[in-house]
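A short reminder: the numbers here are calculations on the coordinates, not readings from a lab. For clarity, every value in this text was computed on a predicted model and none was experimentally measured. Here Cβ is always computed from backbone atoms with ideal geometry, including for glycine, and neighbour counts include all displayed protein chains.
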Amino acid sequence: MRTLSNVFTRPIHPANLDSTFGTERDESKVDSNLVDVYTSPVEVGSTVDFFNLIDTFENFPNNWDGYGAIPPSTKTVCKAKLFVNLLPEVFLFKLSTEDVLVTPYGTILFLWDDDDDSVSIEIGDTRLGLVKDIDDIQEIVLNGIIFDGEELPNEVVKTLFEWV
């Protein structure tokens with residue numbers, strides 16, 4: 001198993017050094033573990049970042065906003081993480097952790113927003129809501145439908161593709 005210490009204590013990939021200095025590469029000196037490390041894609045928009053953020057929401061105290069807000073329940077936090085896990089990568093990459101918010105009602109809001117249009121999805125203990133504002137037309141697409149966390153409603157994917 002590779003660890004970060006393996007990556008940081010080893011020299012730069014030998015193949016790169018050989019080409020830099022114009023010498024022939026000796027394949028017997030190429031460490032296959034290093035090849036894997038240097039050719040593995042870097043994960044951007046990792047679900048881990050979203051999961052870590054969402055986990056913090058459960059620790060909010062009652063009245064966290066000073067106006068009587070309630071924190072998300074354990075069930076809401078779990079549903080929000082299931083939602084993130086189900087999102088196609090194209091939408092996850094267009095979502096920032098700054099666009100995942102807690103509402104005063106104990107729900108978690110995901111907001112895709114650009115200069116002109118937006119899509120917001122609100123997750124609660126058992127339900128999901130979706131509102132879009134595209135081409136200056138605001139519409140409630142889903143109003144509190146049951147969300148079991150096993151699959152995304154078709155309207156979610158369709159609306160997010162419309163926004164993209």
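As I understand it, the dipole of region 72-164 uses +1 on the Cβ of Lys and Arg and -1 on the Cβ of Asp and Glu, about the Cα centre. Which of Leu160, Gly106, Leu87 lies farthest toward its positive end? Selected residue: Gly106. Full extension of the chain between Val48 and Arg127 yields a length gain of 26.1 nm, computed as 0.36 nm times the residue separation minus the alpha carbon distance.
Bridgeable lysines around Lys132 (alpha carbons under 23 Å apart, same-chain partners fewer than 8 residues away excluded): Lys79, Lys81, Lys94, Lys158.
Assign unit charges at the C-beta atoms only (+1 for Lys and Arg, -1 for Asp and Glu), then state the dipole size of region 47-163 relative to its Cα centre in Debye, rounded to the nearest 20.
Numbers: 7 positive and 23 negative charges, 132 e Å.
About 640 debye.
Maximal additional length on extending the Trp64-Val90 stretch stands at 6.1 nm, based on 0.36 nm per residue less the C-alpha distance.
Could you tell me the calculated FRET efficiency between Asp116 and Lys75, based on Cβ-Cβ distance and R0 = 35 angstrom, to the nearest 0.05? Efficiency at R0 = 35 Å is approximately 0.50.
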